[in-house]
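As structure tokens, the structure follows; a few thoughts come after it.
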Amino acid sequence: RRARVRVGATVRDVAAQEVRLGDVVVVAAGEVVAVDGRLLTAAVLDEAALTGEPLPRERGPGEDVRSGVVNAGGQAELVATATAESSTYAGIVRLVQSAQASSAPFVRAADRVAVLFVPLTVAVAGAAWLVSGDPVRAVAVLVVATPCPLLLAAPIAVVSGISRAARLGVVIRGGGPLERLAGARVVLLDKTGTVTQGRPTVAAVLVPPAPAATPVATGGSDLPGAHGTAPGADEVLRLAASLDQMSPHVLAGAIVTAASRRGLPLSLPSDLEEVHGHGLRGRVDGHEVQVGRAAWAGGLAQGRAGAPG
């Protein structure tokens, strides 16, 4: 992993392991926070990887942030309060490695059985040789009764299960909890994000039917339908997605995905401007479009609608 450290007016790209306590780390939009730190500027963070919550969180200056979260807003700066080795992300990695190295009760039981099984197998093979007088019989017993599959199958199954769970965002503390999970009949979940995919989706596109409300809903007084009937839901979604395709924000990705699933053709926006903490505005197909917080987009639209001329 890499991190960008600001020294005076210069920003250096360094390995995350080189970040020291007190360094000012610059996190660009879409980048992963490399070390734990305290924010110097406001930031919008996607913490789904750590908390499971699909919606980004707004953090202000002075708030603590943990490594492993994604910057879903504009550029942010933070002061490192921990090194890469002692940060949250590194702790999760160590936890997974420790879980993979630990033995489940079933694995330990297999080891104990193998300890008794090996001398028993040798004794049976020797007896077969003595009774038959043919050493091939003894070899056949050893081949059939070898405990290697028993010794290998159990730990491989446990390690594979823990690794697959980690790739899916589930951290299991060891083979024991994984084994006990097979007997679970009731599961208690602490938050919605635990049982979702960890990313937002567009549930519906609502368009006010009244033409007078159109500028507030769409964020532009020159949007199609502003002087007549309100634009349809597909047109509103198409314009919003055309603008949001230029944004790394997690909610922007949901809007673009929804437009793609409907087969809507997107246009390349111009005059793009991102207002940190509020939203995005620009022009799409000659129309001014704003996407962001309702109070921000609606307030600007109302101001233009009430302007002289």
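Taken together, the criteria exclude Ala34 from residues that are out of contact with any Lys or Arg (no Cβ under 8 Å at 6 or more places or on another chain), surrounded by 14 or more Cβ atoms within 10 Å (Cβ to Cβ) and not in a helix (DSSP H, G or I). Among the candidates Ala72, Ala49, the residue that is among the small types (Gly, Ala, Ser), touching an Asp or Glu at 6+ places or on another chain (Cβ under 6 Å) and not assigned by TED's automatic domain parsing to the domain that holds Arg164 is uniquely Ala72.
Name the residues in segment 218-245 that are loosely packed, with under 14 Cβ neighbours inside 10 Å and at pLDDT below 80, would you? Talk me through it step by step, then tell me what you get.
To start, the set of residues in segment 218-245 that are loosely packed, with under 14 Cβ neighbours inside 10 Å comprises 227-229, 232-233.
If the condition is that a residue be loosely packed, with under 14 Cβ neighbours inside 10 Å and at pLDDT below 80, then His227, Gly228, Thr229 are the ones that fit.
Could you tell me whether segment 21-44 includes any residue that is free of Cβ contacts under 8 Å to residues at least 24 places away in the same chain and acidic (Asp, Glu)? Scanning segment 21-44, I find no residue that is free of Cβ contacts under 8 Å to residues at least 24 places away in the same chain and acidic (Asp, Glu), so the answer is no. Within the bounds of segment 92-112, is there any residue that is outside any helix (DSSP H, G or I), at pLDDT 85 or above and crowded, with 17+ Cβ neighbours inside 10 Å? Within segment 92-112 (the criterion being outside any helix (DSSP H, G or I), at pLDDT 85 or above and crowded, with 17+ Cβ neighbours inside 10 Å), the answer is no, since none of the residues qualifies.
If you go through segment 158-190 and keep only what is charged (D, E, K, R) and closer than 17 Å to Ile92 by Cα, you end up with Arg164, Arg167, Arg173.
Consider Leu272 carefully, then state whether it is modelled with pLDDT of 75 or more, out of contact with any Leu (no Cβ under 9 Å at 6 or more places or on another chain) and surrounded by fewer than 17 Cβ atoms within 10 Å (Cβ to Cβ).
Numbers: modelled with pLDDT of 75 or more: yes; out of contact with any Leu (no Cβ under 9 Å at 6 or more places or on another chain): no; surrounded by fewer than 17 Cβ atoms within 10 Å (Cβ to Cβ): yes.
Taking the combined requirement at face value, the residue does not satisfy it.
Checked against the criterion of being assigned to a loop (DSSP other than H, G, I, E, B) and either modelled with pLDDT of 85 or more or surrounded by 15 or more Cβ atoms within 10 Å (Cβ to Cβ) (or both), the candidates Pro248, Pro215, Pro209 yield just one match: Pro248. When segment 68-82 is filtered for residues that are over 12 Å from Arg57 (Cβ atoms) and either crowded, with 18+ Cβ neighbours inside 10 Å or not hydroxyl-bearing (Ser, Thr, Tyr) (or both), the ones remaining, listed by number, are Gly68, Gly74, Gln75, Ala76, Glu77, Leu78, Val79, Ala80, Ala82. Leu178 satisfies every condition listed in (1) assigned to a loop (DSSP other than H, G, I, E, B); (2) at pLDDT 75 or above; (3) under 23 Å from the mean Cα position of the chain (by Cα) except (1).
From the list Ala301, Ala297, Ala307, pick out the single residue that is under 22 Å from Ala72 (Cβ atoms), modelled with pLDDT under 80 and out of contact with any Phe, Trp or Tyr (no Cβ under 7 Å at 6 or more places or on another chain). Before the answer, list the steps.
Values: Ala301 fails: under 22 Å from Ala72 (Cβ atoms); Ala307 fails: under 22 Å from Ala72 (Cβ atoms).
It is Ala297.
A single member of Glu63, Glu85 is surrounded by fewer than 17 Cβ atoms within 10 Å (Cβ to Cβ), at pLDDT 85 or above and within 28 Å of Val158 (Cβ to Cβ), and it is Glu85.
Applying the condition of being touching a strand residue (DSSP E or B) at 6+ places or on another chain (Cβ under 8 Å) and among the charged types (D, E, K, R) to segment 229-281 and asking which residue is farthest from Arg199 (Cα to Cα) yields Asp271.
Applying the set (1) aliphatic (A, V, I, L, M); (2) out of contact with any Pro (no Cβ under 7 Å at 6 or more places or on another chain); (3) under 28 Å from Leu251 (Cβ atoms) to Val7 leaves exactly one unmet item: (3).
The values are calculated or read from the model by the stated rules, or taken from the named source; none is laboratory data. All figures in this text were calculated on a predicted structure; none of them were measured in a lab. No Cβ is skipped: glycine too gets one built from the backbone with ideal geometry, and neighbour counts run over all protein chains shown.
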